[in-house]
Amino acid sequence: MNGLHGKGCRVLASAVAHAIAITLCGRPVYGASNNVPSWVVETASRTVPAYAADVPAAVLFDEHHAIVSPSGAVTTLTRRVVKILTTAGRSEAEGIEFYTKNGRQVRQLRAWIVVPGRQIKTLDSAMIEDLGSFGQLELYDDVRFRRIAFENVEVGSIFAYESEVVQTPLFAQDEYDFQNDLPVLNARYVLTLPPAWRATGVVFNHQPLQPVIEGSTYTWELDNLPPRRKEPEAPSLRGCIPRLGISFKPPAGTPGAVFASWTDVSRWETTLTAGQDNPTPEMAAKVGELTRGVDTQYDKARLIGHFVQGIRYVAIEMDSTHGGTYRPHRAEMVFSKRYGDCKDKANLMRAMLKIAGIASYLVLAQSGDRTFVSADWPSPYQFNHMIVAVRVCDGPQSATLSDSLLGPLLFFDPTDDATAFGDFPSYEQGSLVLVCAAERGQLLVVPMRTPDSNTIDRVVDARLKANGGVEAVVSTVATGQPARDERARLAAGGPERYKSETQRSLFPSTRSATVSKLETADVFEQNIFKARLEFSSAVYGEAMQHSMVVFDPSMLALDVPAFAGGYRAEPILLQPLARHTKVRIELPPGYSVDEIPQGLELETEFARFRVAYNHAAGELDVDEELRTEGVTLPASESIRVKRFFDEVRRADNQEAVLVRLH
């Protein structure tokens, strides 16, 4: 499920890639400089600081001015000025606004470009494109876009655009991102309210920021924001940048929902979705078929969940003006058509559970960033996904949140068809979700699984040759989310692609490694995935003058996070995972072990590592284990975290030396 704001941000980033464009006219038409607004001329004259060579563009000015009418309608005036610093930044020379049928409307969209040493050029309105937002997983969407852009602009040019958009929002709230990944010299959100209205704002990922209030106009403003860089094991970009959540407080009787608490949001969503889960005889027959002979609630819910996972994911976004992005289609329709989006699948599962006599609740969630949702701003805008909370009393405790006001709840995401019931996607674990149960609704933290719930156990049986070649059998058993990842890779790419990807991931440094045989077995009900592969390499080790062989006894690549040195801006998100590998290497006849690596044990509150090497007559054994906890660490811990994983990597990459007996 995508809330309207989330959809806008998503498609603004990739509109051209997924759009059906209708160009309304031919070539650009340029106007005289006396048609250019003074704010464009003034902003274009600002001095831009020196940034690193890989920064593609800089935002000189970004302003959103929301003007609220007494009826609750909002007119938003947007002005944005960007300087293009490199050829990679040319794509920033565009302005995009979305609109909906009978809802949000784009009244104006204008743009200018300041080419160094030349006259300011105005892009004629006839060059505005109309774009549909249909993606690969969307059957229909009533959201469309208007785009105005300069193609292939010169580096050093300055692009400016201005838009005017009118809408009546579903609820009395708004949100604003002070930046994306680009540096920003000046960004501000301005809100003008009718008399007797009030507003409050919450700023995320920044020090508290009080608005400047002049009469009924509020202004939140930030200056000199640095560029944001993607860092390993970090939250999403929007989970890191300064953002503003705004809530309006209109007089009683004004249209639009007002959220003073999470209970208000729960009540609103529960009312919006009421009646969409009504059962039908056909659905009842299917539930009877699925659960025949099954006694426990847990197993009934598991079988129903697996059925709903098989419903094809297709998004149909309609009537967004009246809550279509937050209201699922009727369960009857989704069951009949056998397709739907995340909220449709969650709602269908709830309807089928109701038939089986099992209580459940729709849950608003944020998929992809466990740190994104803040308890400080009750708003549906913080969510982009919908899942189910099932009330079960006879399920495993490891998968159940037992301290909710609604009883023991098991969270399940029927959109993820590779995660078994009782488990939960890693990209949603540990996140704040809203269980929608009218006045009893709660903002809860989804349980984070333990490392022992997500395991990768490998056994390697290898035979090393005197010329440095090797033949080996690798047996893998994965549970939890590692099992989910393996079955998802196999389903997405098929056996041959899975084979080649496995070869690259396990043997990235093994020259000429060839996987000759690969067998897999997926025990979905137990959330276990098994694989057995045979591989060989003619040049695994380095043979020296027929008297010595140097090789890496760990055999397989250990996937550990790689952290850059120096300053880090974002928190570190580690996933709960336990990896255990045992290697037995049969040595070539006539050779003995001259040097073996040193064992190592490391332990911190966020991870633990150990590796031991032993040799007996004719063989060398390696026993290696790495456990990481599901924790969020502040950026200030980055040096310590980097040091730990660098030590792990060095210990894993040590070499052994064999010498020939005379």
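The values are calculated or read from the model by the stated rules, or taken from the named source; none is laboratory data. All of these numbers come straight from a predicted model, not from anything done at the bench. Quick reminder, even Gly has a Cβ in these numbers, built from the backbone with ideal geometry, and neighbours come from all protein chains shown. Only protein heavy atoms, including side chains, enter the accessible area calculation; ligands, DNA and RNA are left aside. Shrake-Rupley method; radii C 1.70, N 1.55, O 1.52, S 1.80 Å.
Things to note:
- Against the chain, whose longest principal axis comes from its Cα atoms, helix 297-309 is set at around 70 degrees.
- Å² per residue, accessible surface of the chain at 1.4 Å: 44 Å²
- Protection-proxy order for peptides 349-359, 47-57, each taking the mean of Cβ atoms within 10 Å per residue, highest first: 349-359, 47-57
- Extension gain, ALA53 back to ALA196 (0.36 nm per residue minus Cα-Cα distance, nm): 46.5 nm
- Portion, in percent, of the accessible area of the chain that falls on carbon or sulfur, probe 1.4 Å: 51 percent
- Set LYS300/LYS354; LYS465/LYS530; LYS465/LYS499 screened for pairs whose C-alpha atoms are more than 22 Å apart: LYS465/LYS530; LYS465/LYS499
- Available extension along the chain between SER592 and ALA521 is 21.8 nm, counting 0.36 nm per residue and deducting the alpha carbon span.
- TRP268 accessible area, assembled protein chains, probe 1.4 Å, Å²: 40 Å²
- Gyration tensor verdict on region 319-459 (Cα atoms; rounded if a/c is under 1.5, prolate if a/b is larger than b/c, oblate otherwise): rounded
- For the chain, the longest principal axis of the alpha carbon atoms and the long axis of helix 481-506 meet at an angle near 70°.
- Spacing of the modelled spin labels on THR271 and GLN105, each 7 Å from Cα toward Cβ, amounts to 2.7 nm.
- Extension gain for ARG440-ALA491 works out to 14.4 nm (0.36 nm per residue, less the C-alpha to C-alpha distance).
- Simple spin-label estimate for ASP646 and TYR567 gives 1.9 nm between the two label positions (7 Å along the Cα-to-Cβ direction from each Cα).
- Shape of region 393-523, Cα gyration tensor, a/c cut at 1.5: prolate
- For region 43-128: rounded, prolate or oblate by the Cα gyration tensor [a/c cutoff 1.5]: prolate
- The protection proxy used here, the mean number of other Cβ atoms lying within 10 Å of each residue, ranks peptides 534-540, 202-208 as follows, highest first: 534-540, 202-208.
- Computed per residue of the chain from DSSP H runs no shorter than four, each worth -39500 (n - 2.57), the mean residue ellipticity at 222 nm is -6000 deg cm²/dmol.
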